[in-house]
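The values are calculated or read from the model by the stated rules, or taken from the named source; none is laboratory data. Nothing here was measured: the structure is a model prediction, and the numbers come from that model. We place every Cβ from the backbone using ideal geometry, glycine too, and count neighbours over all the protein chains shown. Surface accessibility is based on the protein's heavy atoms, side chains included, excluding ligands, DNA and RNA. Shrake-Rupley method; radii C 1.70, N 1.55, O 1.52, S 1.80 Å.
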Amino acid sequence: TLGTQTDYRDGEAQTDPYSPEYVVPSGSVPELLTLATLTWGRGLPAGLVEVEMIERAREKRAWEATLPAMDNASHIAERRKMMEDMERKEWAFREQEIEKLQEVRLEVLKKLLRRREENQNELDAKRLDDHWQNHQKAKEEKIKKIQHDCALMLRKLIAKRKNVMGKLERRDIIKEYTDFASQTYAPLSRIGYFPDNHSERYVVKNFYLNTFAGLCELEASLPDSVTQVEIKAPKPKYTTAKTGFIKRSARLEVELAQVHQ
């Protein structure tokens with residue numbers, strides 16, 4: 001009526017099957033003793049191969065029972081012929097087993113070769129991809145360099161075109177300040193000026209807004225009318241009765257006033 005629960009599964013507590021001691025009576029050869037070479041994990045539990053082996057052993061014992069006795073020459077010759085035929089059959093069966101084993105080994109070897117070829121193909125593809133990526137990077141860097149050199153040469157040609165005669169020109173300050181696209185208003189970063197650097201120095205820093213003490217001082221300096229707001233209740237537009245409802249006469253007066261307006 002009670003059940004127990006252990007800390008282990010049945011599979012963890014299961015041991016190998018027990019093989020008890022046995023005594024064979026004289027004059028008897030049990031068929032079970034022919035399977036004494038099979039143990040748990042090495043042939044047991046029996047599969048298709050073990051069943052075929054047991055059937056072949058039974059057929060061989062049945063064949064041995066049909067062998068003629070060695071009492072005369074004719075029986076000896078017949079016995080030799082039967083044994084040669086059986087030996088030929090056993091060699092043929094052994095050849096089939098060897099062929100099956102070779103086929104299995106050949107399949108395993110094919111799988112290993114196929115796997116090695118796939119790994120080699122993956123490695124080759126990865127190498128080609130890396131090589132292509134390196135070529136692409138070198139190509140992009142070369143294109144960037146060509147574009148940079150092109151922009152540099154264009155700027156040089158534009159500068160030479162402005163001063164074709166090779167004359168020295170004085171700086172015209174009035175022209176620079178009247179042209180809002182000049183270096184005075186919009187300097188270029190390639191000249192060495194970066195307008196966005198140190199932009200925080202233009203931020204206004206106020207003591208009364210950035211610190212708590214400044215806020216307290218600013219609040220104390222304000223008048224009471226700013227911090228203490230007085231709200232006056234609005235007067236009702238309609239004359240209401242003691243119960244809180246609007247009279248009909250009052251509503252009519254308001255409507256007449258709106259129409260008149």
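Being part of a helix (DSSP H, G or I), among the basic types (Lys, Arg) and open to solvent by 100 Å² or more (accessible area, probe 1.4 Å) is a description that applies to Arg190.
Residues considered: Lys60, Lys111. Of these, the only one that is of a type outside the set (S, T, N, Q) and under 30 Å from Tyr18 (Cα atoms) is Lys60. With respect to (1) part of a helix (DSSP H, G or I); (2) at positive phi, the lone exception for Leu113 is condition (2).
Report every pair of residues separated by at least 6 positions or lying on different chains whose Cβ atoms are under 7 Å apart, first residue within segment 80-91 and closer than 16 Å to Arg61 by Cβ, second not in a helix (DSSP H, G or I). Filtered contacts from segment 80-91: Met82/Leu67. For His131, the conditions (1) surrounded by 10 or more Cβ atoms within 10 Å (Cβ to Cβ); (2) out of contact with any Lys or Arg (no Cβ under 6 Å at 6 or more places or on another chain); (3) not in a helix (DSSP H, G or I) are fulfilled apart from (3). Are any of the residues in segment 238-261 farther than 30 Å from Leu152 by Cα, open to solvent by 80 Å² or more (accessible area, probe 1.4 Å), in a helix (DSSP H, G or I) and at pLDDT below 75? Checked against the condition, which is being farther than 30 Å from Leu152 by Cα, open to solvent by 80 Å² or more (accessible area, probe 1.4 Å), in a helix (DSSP H, G or I) and at pLDDT below 75, segment 238-261 yields no hits at all.
Exactly one residue among Glu169, Glu176 is modelled with pLDDT under 90 and surrounded by 10 or more Cβ atoms within 10 Å (Cβ to Cβ), and that residue is Glu176. Put simply, of Val204, Val226 the only residue that is without any contact (Cβ under 8 Å) to a residue 60 or more places away in the chain, exposed (fewer than 10 other Cβ atoms within 10 Å of the Cβ), assigned to a helix (DSSP H, G or I) and not acidic (Asp, Glu) is Val226. Are any of the residues in segment 60-67 of a type in the set (Ser, Thr, Tyr), without any contact (Cβ under 8 Å) to a residue 24 or more places away in the chain and open to solvent by 80 Å² or more (accessible area, probe 1.4 Å)? Taking every residue of segment 60-67 in turn, at least one turns out to be of a type in the set (Ser, Thr, Tyr), without any contact (Cβ under 8 Å) to a residue 24 or more places away in the chain and open to solvent by 80 Å² or more (accessible area, probe 1.4 Å).
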